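A.B. asks: This is the structure I have questions about; it appears just below.
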Amino acid sequence: MDNRIILLVEDNPDDVELTLRALKKNNVTNEVVVAHDGVEALDYLFGSGAYAGRDLSVMPTVILLDLKLPKMDGLEVLRRLRADNRTKLLPVVILTSSKEERDIVNGYNCGANSYVRKPIDFAQFTEAVGQLGLYWLLLNEGPPGRG
Amino acid sequence: MGRRILVVEDSPTQAERVRLLLEGEGYRVEVARNGREGLEKVRSTHPGLVISDVVMPEMDGFALCRAVKSTEATRRIPFVLLTERNAPADVIQGFEVGADNFITKPFTDAALVDRVRRIFEHLELHQTSGGPESEVALHVGGRRFVVSAGKAQIVELLLSTLEDLAQVNAALQQRERELEVKNEELEAFSYSVSHDLRAPLRSIDGFSQALLEDYAEKLDAQGKDYLHRVRAASQRMAQLIDDLLQLSRLSRGEIHREEVDLSGMARAIVAELQKTQPDRRVEYRIAQGVVAQGDARLLRVVLDNLLSNAWKFTSKNPQATIEFGVTQNDGMSAYFVRDDGAGFDMAYGAKLFGPFQRLHGPTEFPGTGIGLATVQRIVHRHGGRVWAAGAVGQGATFSFTL
């Protein structure tokens, strides 16, 4: 599982730090690419902008996607991913603050594979991130032909 | 030449308001304080229009109108009655005595000015027409009225009524639009709270925990204790935010009324409660077959809160009793949840239903103080009432109607 990449789309630096810490606590040592807004996430996935020329045969095994993002929000990112053949099957986990019903419904409607609310309690947060890592990186058989 | 209007009105402030308003529009206005004085002035000055209140001492507006209309010399003077809104009987009676038009109270300045202007316009239009037309007898509210109003009068009244309706309707639509905007604002606010207020709490809790883990050797017991307090507070705040959001969500959305099996609901809830602490000894007395008309999802929240409270406030009893049932109160079904737990002082009873109001410290019984506020809001949304009875150490009973 070591060559499997996680794409973390998260604008809040504290949340980035805490998520990385939680992954480390769970002995998930995979490479984590961090995109700080929706546009950067798409740049990484489609090899544009700062990621122009990136080897697109390497795709993340799972995308952890926040909903409230600057420039382009998480749902829009998800819509663009699902509309493109190169990314339409990538597992996407929405990892966000709210459990507003409309966020959850919209998330699944746009093609999310999973929806997880970030717990405030860091112990619970660590537990949640650990389970996500275990499930998506180890247990889950991803779509064929991906990194 | 300014048109002359006689205003007959016993309230000096009302009379003054109308006088100033109409004078501001270029009319010449005289005021009489009751029907008798009004009649004298009509006979002596022959105004172009009479606007009269209905309820007045000595001679009321109907009697004045009848007197004006039954005298050949004055019967052509248009007569407008100021009536209370929603009083059709007034309108019919006004017609019977020959009134030409009505202005419903309360009226806006603009509406009064418009109405008066139109009456004068129509007066000029119909100056030539007129003459006696046949009478119409009709029964309204068990009374018989004979109306001799002409077509012009009736059309005029119809127009006025439509005008009134259009105004009321426009005001209602405006209110509805305002309400929609407020709801959207509230929605956006809760949405933002749900996302943005939680994020900093995660940082506070997460980095406190990181300090405890990574710098434990540099912290003495007091330092660690402080960090534990920081974490406890951030988690409590997170709970408060969630509860507040739930409360605000309850104020929105539709109520879907259906038949709800409250007995079944109560049994399911106490079964869940018992599972959280299987060792506790509680006797449940759940009445059979209690059904209510209401929103199932919301009623579940009500029973959840009331039964969880009963469970919580009996937690110090070695043996407790929790009861759910229904009584008849003035023909209304009052559903109740009763326990024999800690109870409360009735002196503070009114505080129970306010958001974040608590009668116990958090160490005594945990909670955020939002549960009963939630219950009250749901019950009110159903058009019902909720109340509490109890005494310290003698349990509590919470009752509600729907």
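Please treat every number below as a calculation from the coordinates, not as lab data. Nothing here was measured: the structure is a model prediction, and the numbers come from that model. Note that each Cβ is placed from the backbone with ideal geometry, even for glycine, and that neighbours are counted across all protein chains shown.
A.B. asks: Per residue of A:96-103, count partner chain C-beta atoms within 10 Å of its C-beta, then hand back the mean as an integer.
C.D. replies: Mean partner-chain Cβ count within 10 Å for A:96-103: 5.
A.B. asks: To two decimal places, what compactness ratio does chain B give when its Cα radius of gyration is scaled by 2.2 N^0.38 Å?
C.D. replies: With N residues counted in chain B, Rg over 2.2 N^0.38 Å equals 1.60.
A.B. asks: Counting only Cα, what are the radius of gyration and maximum Cα-Cα distance Dmax of the range B:319-402, in Å?
C.D. replies: Answer for the range B:319-402, Rg first and Dmax second: 13.1, 42 Å.
A.B. asks: Here's another thing I want to ask about it. Under a cut-off of 16 Å between alpha-carbon atoms, report the lysines in cross-link reach of residue A:99, not counting same-chain residues fewer than 8 places apart.
C.D. replies: Reachable lysines: A:68, A:118.
A.B. asks: A follow-up question, please. Roughly what would the spin-label model give for residue B:330 and residue B:297, points 7 Å off Cα along C-beta, in nm?
C.D. replies: My value for the distance between the label points is 3.2 nm.
A.B. asks: I'd like the distance separating the alpha-carbon centroids of the range A:35-55 and the range B:43-58, in whole Å.
C.D. replies: The range A:35-55 and the range B:43-58 have Cα centres spaced 84 Å from each other.
A.B. asks: To the nearest 20 debye, what is the magnitude of the charge dipole of the range A:35-119 about its Cα centre, counting +1 on the Cβ of each Lys and Arg and -1 on the Cβ of each Asp and Glu?
C.D. replies: Its charge dipole is roughly 180 debye.
A.B. asks: How large is the dipole of chain A about the Cα centre if only Lys and Arg carry +1 and Asp and Glu carry -1, each at its Cβ, rounded to the nearest 20 debye?
C.D. replies: 380
A.B. asks: Let me ask something else about it. Taking the Cα of residue B:236, stepping 7 Å toward and past its beta carbon, and measuring to each backbone N in the range A:117-141: which are under 19 Å?
C.D. replies: The answer is A:120-123.
A.B. asks: What is the calculated FRET efficiency for residue A:48 to residue B:225, with r their C-beta to C-beta distance and R₀ = 51 Å, to the nearest 0.05?
C.D. replies: Efficiency computed from Cβ-Cβ geometry: 0.50.
A.B. asks: How large is the direction-averaged shadow of the alpha-carbon convex hull of the range B:258-400, in nm²?
C.D. replies: Dividing the Cα hull surface by four gives the mean projection, 8.3 nm².
A.B. asks: Of B:386, B:353, B:310, which is farthest towards the positive pole of the range B:258-400's charge dipole, taken about the Cα centre with +1 and -1 on the beta-carbons of Lys, Arg and Asp, Glu respectively?
C.D. replies: Farthest along the dipole direction, towards plus: B:353.
A.B. asks: Charges at C-beta only: +1 for Lys and Arg, -1 for Asp and Glu. How large is the resulting dipole of the protein assembly as shown about its Cα centre, in Debye rounded to 20?
C.D. replies: Magnitude of the dipole: close to 580 debye.
A.B. asks: Distance in nm between label sites at residue B:144 and residue B:179, each 7 Å beyond Cα in the beta-carbon direction?
C.D. replies: 4.5
A.B. asks: Placing +1 on the Cβ of each Lys and Arg and -1 on the Cβ of each Asp and Glu in the range B:180-250, which of B:210, B:244, B:200 has its Cα farthest towards the positive end of the resulting dipole?
C.D. replies: So the residue we want is B:210.
A.B. asks: Continuing with the same structure: Give me the distance in nm between label points sitting 7 Å out from Cα along the Cα-to-Cβ direction at residue B:394 and residue B:271, one decimal.
C.D. replies: A separation of 3.5 nm, rounded to one decimal place.
A.B. asks: If I take the Cα coordinates of the range B:201-292 and project them onto the principal axes, what are the three extents in Å, biggest first?
C.D. replies: For the range B:201-292, the Cα spread along each principal axis is 63, 39, 16 Å.
A.B. asks: Another question, then. Jot down the radius of gyration and Dmax of the protein assembly as shown, Cα atoms only, both in angstrom.
C.D. replies: Spelled out, the Cα radius of gyration and Dmax of the protein assembly as shown are 36.8, 110 Å.
A.B. asks: Working out 0.36 nm times the residue gap between residue B:214 and residue B:55, then minus their Cα-Cα distance, what length gain in nm do you get to one decimal?
C.D. replies: Taking residue B:214 through residue B:55 to full extension adds about 48.8 nm, to one decimal.
A.B. asks: Average projected area of the Cα convex hull of the range B:180-250, in nm²?
C.D. replies: 4.9
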